[in-house]
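Notes for the one structure printed next.
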Amino acid sequence: MSEFLPFAQPDRRLAGTGLAVSRLAWGMWRLVDEGLGARETAKLVHAALDAGITLLDTADIYGFDGSGGFGGAEDLLGEVLAAEPGLRARMVLATKGGIRPPLPYDQSGAYLAGAIDASLRRLRCERIDLWQVHRPDILTHPQELARTIDDACAAGKIGAIGVSNFTPPQIDALARFLGRPLGATQPEISALRLDAFTNGELDQAMAMGLAVLAWSPLGGGRLLSPRTAREVAVADALDAVAREQGVPRAVAAMSWLMAHPAGIVPIVGSQRAGRIAEAARALEVRWTRRDWYAVYVSARGEPLP
Ligand code: NAP
C-alpha cells in the first residue's frame, strides 16, 4: 500500500525529430509581462538548460497584451539566440500559432503558412522543433490544417507537430489527415484542473504515444496562494508529501503530475531563475497511490465511488 508509484518514462523521443523531451519544460507566456529584456531572458534560458529543462515553450501570441505586442516573446528569445547561437542546439524549441487577434482564430492555409514563417523570422532560426496549433479553429477543416502543417514539415521548417487545447475527437480528425504522426498535445492540467484525467485526453495521448505538456501546472500560481476551501484542501494534501520529502509545495505539485503514467511534462511558468532551477527537484519526489489519490480526491471535492 505504501509502495512508490513507478517513475514515468524519463525521456521521450519527439515523433519526427528523434529529439528527447525533458521531463519538465519551461514556458515563456509571462516573459513579456515581467518586462524582461534580452539579458534577463538569457539568464532564465540558462537557468532552465542548466537544470536539465531543455524543452522551451513559447507562442507567437505571447506578448500580445504587453509591451512586446504580437510576437513579443518570440522576438525576445530570438534576440537571445542571436546573441548566443550555441544555445539553440541545447534546447528543444517549441512554439505555437493559429491565434489571430482579434478574430480570434485563423488556421486557414493562407494565414497559417505565413504565421509559421513569421515565427521562424522572429526566433531567428531555420527550424522549430515542435510547432503546435495553439487552439482549435472551428472554421478550418482539419484536412486544410494538416496540409499546411505537412508542407511546413516537408520544407524543413517544423520538426514535430503538436496541438494544444484540442478535444480527443479534434486530435483524431487532424491525425487522420496528417501525413506524419502527431508528436505532442498540450492541455491545461494541474491539481486544480483535473479534466484531462477523465475526459479521454490522457488516455488518447497514451494510446497514440503523444508527449503530454501540461500548461499552468500550478493553476497559474493559485496553488501557492489558495483561497477557496477546495484550493486549501489541495494545498494541504500536497504539503503532506512536500514536508515529508523536503521539497516546496510547487515542486510537489509538479511531481504529482509527473507520477501519471502518461509521463506528463509540466511546463514551469515561473520567470524567476531560482524557481526554474528548483522545479527540477520534482524528479526527486516519489508518490504512493494513497498520497496521489489524496490530492486527487481533495481536488474533486468528493470521494471516488
Ligand atoms: P503556473 O506554474 O501554473 O503558474 C505560474 C505562476 O505561478 C507565475 O505567476 C509564478 O510567478 C507563480 N509561481 C510559480 N512558482 C511559485 C512559487 N513557488 N511561489 C509563488 N508563486 C509561484 O504556469 P503558467 O505560467 O500559468 O503556465 C506555464 C506555461 O504554460 C506558460 O509559460 C506557457 O508556456 C504555457 N501555457 C499554455 C497555454 C495554452 O493555451 N497552450 C495557456 C497558458 C499557459 P513567478 O514568475 O513570480 O515565479
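Quick note: the coordinates plus some simple rules give every number you see, no bench work behind them. Source: prediction; values computed, not measured. Cβ atoms come from the backbone with ideal geometry, glycine included; neighbour counts cover every protein chain shown.
Between the Cα long axis of helix 38-50 and the first principal axis of the chain there is an angle of about 60°, rounded to the nearest 10.
Beta bridges from DSSP with both residues in the chain: antiparallel share about 15 percent, rounded to the nearest 5.
This model, with +1 at the C-beta of Lys and Arg and -1 at the C-beta of Asp and Glu, gives segment 1-95 a dipole about its Cα centre of some 380 debye. Springs between Cα atoms under 10 Å define the GNM used for the chain, and in it the highest mean-square fluctuation of PRO136, PRO217, PRO85 occurs at PRO85.
Per-residue Karplus couplings for segment 140-157, computed as 6.51 cos²θ - 1.76 cosθ + 1.60 with θ equal to phi - 60°, are listed in order as 10, 5, x, 5, 5, 4, 4, 5, 4, 5, 4, 4, 5, 5, 4, 7, x, 7 Hz, Gly and Pro entered as x. The trypsin sites (Lys or Arg not before Pro) found in segment 196-249 that occupy coil by DSSP, while having at most 12 further C-beta atoms within 10 Å, are ARG227. Against the longest alpha carbon principal axis of the chain, how many degrees, from 0 to 90 and to the nearest 10, is the axis of helix 109-123 turned? That helix lies at roughly 70 degrees to the long axis.
Take the Cβ atoms of ASP33 and ALA83, set R0 to 30 Å, and the FRET efficiency comes out at 0.85. Taking every alpha-carbon pair under 8 Å whose residues sit at least 6 apart, segment 32-85 reaches a relative contact order of 40 percent. About its Cα centre, the dipole of segment 145-272 is roughly 300 debye, where the only charges are +1 on Lys and Arg Cβ and -1 on Asp and Glu Cβ. The amide H of THR288, built 1.01 Å from its N in the peptide plane, has LEU5 as neighbours under 5 Å, considering only residues 5 or more places off or on other chains. Given the options THR140, LEU77, PHE4, identify the residue whose Cα lies farthest towards the positive end of the charge dipole of the chain (+1 on Cβ of Lys, Arg; -1 on Cβ of Asp, Glu). Value: PHE4. Axis angle, to the nearest 10 degrees, between helix 249-258 and the longest C-alpha principal axis of the chain: 70 degrees. With contacts taken as Cα pairs under 8 Å and at least 6 residues apart, segment 172-299 reaches a relative contact order of 27 percent.
Ignoring the sites themselves, the chain has its longest run without chymotrypsin sites (Phe, Trp or Tyr not before Pro) in a DSSP loop having at most 16 other Cβ atoms within 10 Å at 65-305. Only helical runs count toward this figure. For the chain, summing -39,500 (n - 2.57) over DSSP H runs of n ≥ 4 and dividing by all residues gives -12000 deg cm²/dmol at 222 nm. The slack between ASP117 and ASP151, meaning 0.36 nm per residue of separation minus the straight C-alpha distance, is 11.1 nm.
The distance from the alpha carbon centre of segment 82-118 to that of segment 185-255 is 27 Å, rounded to a whole number.
In this structure the amide hydrogen of GLN132, modeled in the peptide plane, comes within under 5 Å of the amide hydrogens of THR95, LYS96, GLY97, GLY162, none closer than 5 places in sequence on its chain. Computed about the Cα centre, the dipole magnitude for the chain is approximately 360 debye when only Lys and Arg (+1) and Asp and Glu (-1) carry charge, each at its Cβ.
Taking 13 Å as the cut-off, the amide N atoms of segment 235-271 that come nearer than this to a point 7 Å along the Cα-to-beta-carbon line of GLU40 belong to 271.
Kirkwood radius, segment 155-194, all distinct C-alpha pairs, inverse of mean reciprocal distance: 11.5 Å.
Taking every alpha-carbon pair in segment 138-211 and binning the separations at 10 Å intervals from zero gives 19, 49, 26, 6, 0 percent. Couplings for segment 185-194, taken from phi via the Karplus curve 6.51 cos²θ - 1.76 cosθ + 1.60 with θ = phi - 60°, read 9, 9, x, 7, 9, 7, 5, 9, 9, 9 Hz in order; Gly and Pro are left as x.
For ARG13, the residues whose modelled amide H falls within less than 5 Å of its own, excluding neighbours fewer than 5 places apart on the same chain, are VAL21.
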